[in-house]
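Peer 1: Got a structure here, written out as structure tokens. Questions coming.
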Amino acid sequence: MSPNRPPVLPHQAATQAGRLGRHLVRSAVSAAGVALVVAGAMLNLALYGMQRSALVDDTRVQAQVTADALAPALLFDDRRAGHETLEPLQGWPALVAAAVDDAAGHRFASYHRTDAGTQAVEALARPSWRHEQVAVPVQHDGRELGRLHLAVSLDGLHRRSAWFALITALAALAALGMAYLRTLRVRGAIDRTEARLDELAFVDPVTRLYNRHAANEHLAARCVGVPGAAPFTLAVLDLDDFKVINDTLGHAAGDRVLREMGERLRAGVGEAGTAYRHGGDEFIVLLERVADEAAAAHAGEALLALLRSPLSLEGQAMYLRGSVGLARYPQDAATQADLLAAADAAMYAAKKSGKNHFALYRPEMRQPERSRLHIEVQLRAALARGELRLHYQPIVNLASGRTVGAEALVRWQHPERGLLPPSEFIDVAEASDLIVDIGAWVIDEAARQLAAWRALGLARIFVAVNASARQVTRGALERQVTSALERHRLAPGMLEVEITESLLLADAECNVRALQALRQRGVRVAVDDFGTGQSSLAYLKRLPVDKFKIDRSFVHELPHARGDVAIITAVITMARTLGLRVVAEGVEREDQRDLLRALGCDDAQGWLLGRPVTANALAESLGADHVPPNLDRAAAGAGMTWGD
Amino acid sequence: MRSPPARPSPPARRLALRAFGALGALVLASPWPARAVEVEPLKAAIVYNLLSFVEWPSDVLAADADALTLCIDARHALAPALRPLAGQPVRGRRLILLETTAADEAPAARRCHAYIAGRTPRDAALLQQWRQAPVLVIADGPGAEEAAIRLHEANDRIVFDIDVASARRGRLGFSSRVLRLARQVHE
């Protein structure tokens, strides 16, 4: 694939390139040709008509003169004089024959050119295409003495007309040739313009990849529905977090990311297929000769591998993440639209199973209720109807083994599909402003729950809520937190806001201000998924945060993965230095917990320490954990231990 | 060809008329020698035709608005043949035949535009008298030396000579077209 070559799509055969220019040249030259032929023919006809009419006029004048001179000869019956009178006519080359008849109609005298033959005299009476005939009366003194007939040859006229026609034709040909040369010059410009138009129509200006339009044309040509059509695989690659980059770093940065992605796809796909920018942060790749599942899976891996190396953005290394869905033609879908929808569905399935995944299409992926728009509409209604729930996963202090807090995790109590995890709907919410409303609800609900627990006299735990990019960048977060704290009369230290590392870094200045405002109110800020973003150490110390949450990916292979151990050790050491707390996520086994404790990690959460449960279930376990049975009632009644 | 007369005409008159209309055709078609047919009507027709090629001084013609007068001695052989031509148009005028007899006075030069001269002494005297007069003198055959036009019979044809010098004395002119037809032209 070459970026600067105008795309030749299936609908454009090679011969069709420059069709506009050819058409122009053809019509311009033929129009000029028609004009020249018509003008030339008119000119020739008019000229012929005028010359012939002039010839007739001349002949008539000559006939009058001759008839006048002939009058005495006729009058005195002098044939010799008659012949003598006609004789000077031989000086007139065009004259074929002349004859004088007397009043009785008898031939009195005649003359004909020797080369014209006697026949010409006899032919005088007959019209011929080679002769023009003129007859005038011979009069004298008011008496008609006879008639003079003159026949002039049209040969000379015809010869001149033929020459003129030839000259006209040659001039027309020359003019046509010049017109052709001129249009050829214009044609170059038109060809270039046409190519440019094609490029504008089919090439995405940012990535220099083919665009959605080209993809549709190309796919339509490939999905012809004929049995035995060449099989291929369609991959949809969607960049995760691209909206965050666009929203926080600006569109120029977003364009750089897209351009880089385009370069990688171009280089990575090479001759094996064609890459298109399908719109927004979505790319599609048509992979030729990838027909079976193994090959498709291999292609999915290869596409994800393109994301692996970091991307330099404003001097920082940044990792792109994306999800890839693959669908095969014709196994998975018979039409272009179905194939795209299938690959899309596979991509969403991949996204749901986590970032940087790919998925091959399975028919069950395309349940209508799972479509984005459907989910968004339902989710909006769910928010209004109160179908969202918060579950709480305990955060345990590793030293004491006590639950010190809980992370609030949103669930959707779907009327038909049951309780849905965030992976089913959060992406949809994040793609729209819905996430701001959901975020507000989460904060308020968490605050309400904290107030309720306080009323029950439960031990003092904090609740961590996840904030999304849109909440932070629109300045909604601080308002939401403030109003929730005020409404439920909570101490700010009861709430903790979790921000992902990549979000924190995306538009640092703006986010730092928002988080500083929160911290000034006493709300703690934790960095979620720590280690997956690209924090620079120098930068970290300036961040207004209280806590790092070590991403589960570093915990997963503990205690055996030496690299992970080293990373966690480093993070903990660094946090110590900066005066921050460290929480480990995804702790599933005891050896992991023990190691983390040994490394000096403050807190941890994970299935080993407690799964996400309802507020009541958490309260029960906390009750058992924190509240001595004999003090239960008193604590609940007094509530004096809260609020410091 | 003119339409034939409705009533029988004398041969001479018929001939003259035909000569007037299609002289050439008649003469040419005639297989007889000129003498065999009456020659006078032909001569009369030639005279009549010649009149149309002669130019008179304008003052002469102005005196007489619409007539051209041809004078002839009534005894002249051509007189009978000329009579049918009286009243015919010549150069937009009417031909008037003025016949004089021996008893009459000789015609005055101012009354005749043309004169058919015979060989009588009176004619000779008259012509002598008219040397400078604008009268076209026509002679039939030899004699009348001063005649501007002289008719001859030659090879069964009637031809004429023109004496331009004689005519010029009377301030008369000839159309060049007719000079070409003359057998002889005397300057």
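Peer 1: With the structure loaded, tell me whether residue A:196 is part of a helix (DSSP H, G or I), more than 17 Å from the chain's Cα centre (by Cα) and among the basic types (Lys, Arg) or whether it fails that test. Don't jump to the end; show me each part of the working.
Peer 2: Numbers: part of a helix (DSSP H, G or I): yes; more than 17 Å from the chain's Cα centre (by Cα): no; among the basic types (Lys, Arg): yes.
Judged against the criteria, residue A:196 is not a match.
Peer 1: Give the stretch A:475-525 a look and list any residue that's more than 21 Å from residue A:240 (Cβ to Cβ) and part of a loop (DSSP other than H, G, I, E, B), or say none.
Peer 2: A:475, A:488, A:489, A:490, A:491, A:522, A:523
Peer 1: Also, I was wondering about something else. Mind checking which residues of the stretch A:433-491 are out of contact with any Gly (no Cβ under 6 Å at 6 or more places or on another chain), aromatic (Phe, Trp, Tyr) and farther than 22 Å from residue A:382 by Cα?
Peer 2: Scanning the stretch A:433-491 gives a single hit, A:453.
Peer 1: Give A:157, A:150 a once-over and let me know the one that is outside any helix (DSSP H, G or I), more than 14 Å from every other protein chain (Cβ to nearest Cβ) and either more than 43 Å from the chain's Cα centre (by Cα) or modelled with pLDDT under 85 (or both). Outline the logic, then answer.
Peer 2: Details: A:157 fails: outside any helix (DSSP H, G or I).
Selected residue: A:150, the only one of A:157, A:150 that is outside any helix (DSSP H, G or I), more than 14 Å from every other protein chain (Cβ to nearest Cβ) and either more than 43 Å from the chain's Cα centre (by Cα) or modelled with pLDDT under 85 (or both).
Peer 1: If you don't mind, another one. Tell me yes or no: at least one residue of the stretch B:58-70 is more than 14 Å from every other protein chain (Cβ to nearest Cβ) and crowded, with 21+ Cβ neighbours inside 10 Å.
Peer 2: yes
Peer 1: Determine, yes or no, whether residue A:509 is modelled with pLDDT under 85, acidic (Asp, Glu) and within 19 Å of residue A:602 (Cβ to Cβ). Even if it seems obvious, please write down each step before you answer.
Peer 2: Working: modelled with pLDDT under 85: yes; acidic (Asp, Glu): yes; within 19 Å of residue A:602 (Cβ to Cβ): no.
No, not satisfied.
Peer 1: For the stretch A:269-333, which fully contained strands (runs of 3 or more DSSP E) count at least 2 residues that are within 22 Å of the chain's Cα centre (by Cα) and modelled with pLDDT of 90 or more?
Peer 2: Working: elements: A:273-279, A:282-288, A:311-313, A:316-318, A:321-329.
In the stretch A:269-333, the matching strands (runs of 3 or more DSSP E) lie at A:273-279, A:282-288, A:321-329.
Peer 1: I'd like to know if the stretch A:254-270 contains one or more residues that are closer than 24 Å to residue A:349 by Cβ and surrounded by fewer than 19 Cβ atoms within 10 Å (Cβ to Cβ).
Peer 2: Yes, the stretch A:254-270 contains at least one residue that is closer than 24 Å to residue A:349 by Cβ and surrounded by fewer than 19 Cβ atoms within 10 Å (Cβ to Cβ).
Peer 1: With the structure loaded, tell me whether residue B:134 is over 15 Å from residue B:49 (Cβ atoms), out of contact with any Asp or Glu (no Cβ under 8 Å at 6 or more places or on another chain) and touching a residue at least 60 places away in the same chain (Cβ under 8 Å) or whether it fails that test.
Peer 2: Details: over 15 Å from residue B:49 (Cβ atoms): yes; out of contact with any Asp or Glu (no Cβ under 8 Å at 6 or more places or on another chain): yes; touching a residue at least 60 places away in the same chain (Cβ under 8 Å): yes.
Answer is yes for this residue.
Peer 1: In this structure, is residue A:202 among the aromatic types (Phe, Trp, Tyr) and either touching a Pro at 6+ places or on another chain (Cβ under 6 Å) or free of Cβ contacts under 8 Å to residues at least 60 places away in the same chain (or both)?
Peer 2: Working: among the aromatic types (Phe, Trp, Tyr): yes; either touching a Pro at 6+ places or on another chain (Cβ under 6 Å) or free of Cβ contacts under 8 Å to residues at least 60 places away in the same chain (or both): yes.
It is true that residue A:202 is among the aromatic types (Phe, Trp, Tyr) and either touching a Pro at 6+ places or on another chain (Cβ under 6 Å) or free of Cβ contacts under 8 Å to residues at least 60 places away in the same chain (or both).
Peer 1: Out of the residues in the stretch B:39-66 that are more than 14 Å from the chain's Cα centre (by Cα) and farther than 15 Å from residue B:134 by Cα, which is modelled with the lowest pLDDT?
Peer 2: B:65
Peer 1: I need every pair where a residue in the stretch A:229-258 that is on the phi > 0 side of the Ramachandran plot has its Cβ under 9 Å from the Cβ of a residue that is part of a loop (DSSP other than H, G, I, E, B), sequence separation at least 6 or different chains.
Peer 2: That search, which allows pairs on different chains as well, returns A:241/A:281; A:241/A:320; A:241/A:355; A:250/A:507.
Peer 1: Here's a follow-up. Being under 11 Å from residue A:439 (Cβ atoms) and part of a helix (DSSP H, G or I) is the filter here; which residues of the stretch A:459-474 pass it?
Peer 2: To start, the set of residues in the stretch A:459-474 that are under 11 Å from residue A:439 (Cβ atoms) comprises A:465-472, A:474.
Listed by number, the residues that qualify are A:469, A:470, A:471, A:472.
Peer 1: Next question, about the same structure. Considering only the stretch B:84-116, state which residues are over 16 Å from residue B:135 (Cβ atoms) and touching a residue at least 60 places away in the same chain (Cβ under 8 Å).
Peer 2: Passing the criteria: B:84, B:85, B:88.
Peer 1: Specify the residue that is nearest to the other protein chains (Cβ to nearest Cβ); the eligible residues are those in the stretch A:48-106 that are assigned to a strand (DSSP E or B) and over 22 Å from residue A:154 (Cβ atoms).
Peer 2: Let us first name the residues in the stretch A:48-106 that are assigned to a strand (DSSP E or B), namely A:95-102.
Right, trim to over 22 Å from residue A:154 (Cβ atoms) and you get A:100-102.
Numbers: A:100: 10, A:101: 10, A:102: 5 Å.
Selected residue: A:102.
Peer 1: Go through (1) closer than 16 Å to residue A:282 by Cβ; (2) of a type in the set (A, V, I, L, M, F, W, C); (3) surrounded by fewer than 18 Cβ atoms within 10 Å (Cβ to Cβ) one by one and return the number of the condition residue A:350 breaks.
Peer 2: Here residue A:350 clears every test but (3).
Peer 1: Among the listed residues A:17, A:13, which satisfies the condition of being modelled with pLDDT under 90, over 30 Å from residue B:50 (Cβ atoms), surrounded by 16 or more Cβ atoms within 10 Å (Cβ to Cβ) and away from every other protein chain (no Cβ under 14 Å)?
Peer 2: On the way: A:13 fails: surrounded by 16 or more Cβ atoms within 10 Å (Cβ to Cβ).
Going through A:17, A:13 in turn, just one is modelled with pLDDT under 90, over 30 Å from residue B:50 (Cβ atoms), surrounded by 16 or more Cβ atoms within 10 Å (Cβ to Cβ) and away from every other protein chain (no Cβ under 14 Å): A:17.
Peer 1: Given the structure, is residue B:88 among the polar types (S, T, N, Q), over 16 Å from the mean Cα position of the chain (by Cα) and either within 25 Å of residue B:64 (Cα to Cα) or away from chain A (no Cβ under 14 Å) (or both)? Reasoning before the result, please.
Peer 2: Working: among the polar types (S, T, N, Q): yes; over 16 Å from the mean Cα position of the chain (by Cα): no; either within 25 Å of residue B:64 (Cα to Cα) or away from chain A (no Cβ under 14 Å) (or both): yes.
Here the answer is no, as residue B:88 does not meet what is asked.
Peer 1: Further question on the same structure: Return yes or no: is residue A:446 in a helix (DSSP H, G or I) and closer than 22 Å to residue A:389 by Cβ? Don't jump to the end; show me each part of the working.
Peer 2: Numbers: in a helix (DSSP H, G or I): yes; closer than 22 Å to residue A:389 by Cβ: yes.
Criteria met by residue A:446.
Peer 1: Residue A:288 - would you say it is farther than 28 Å from residue A:245 by Cα and surrounded by fewer than 24 Cβ atoms within 10 Å (Cβ to Cβ)?
Peer 2: Numbers: farther than 28 Å from residue A:245 by Cα: yes; surrounded by fewer than 24 Cβ atoms within 10 Å (Cβ to Cβ): yes.
Judged against the criteria, residue A:288 is a match.
Peer 1: Please work out which one of (1) without any contact (Cβ under 8 Å) to a residue 40 or more places away in the chain; (2) of a type in the set (D, E, K, R); (3) buried (at least 21 other Cβ atoms within 10 Å of the Cβ) is the condition residue B:73 fails and give its number.
Peer 2: Unmet condition: (1).
The values are calculated or read from the model by the stated rules, or taken from the named source; none is laboratory data. Remember, predicted model here, so these are calculated numbers, not experimental data. Every residue, glycine among them, receives a Cβ derived from its backbone with ideal geometry; neighbour counts consider all protein chains shown.
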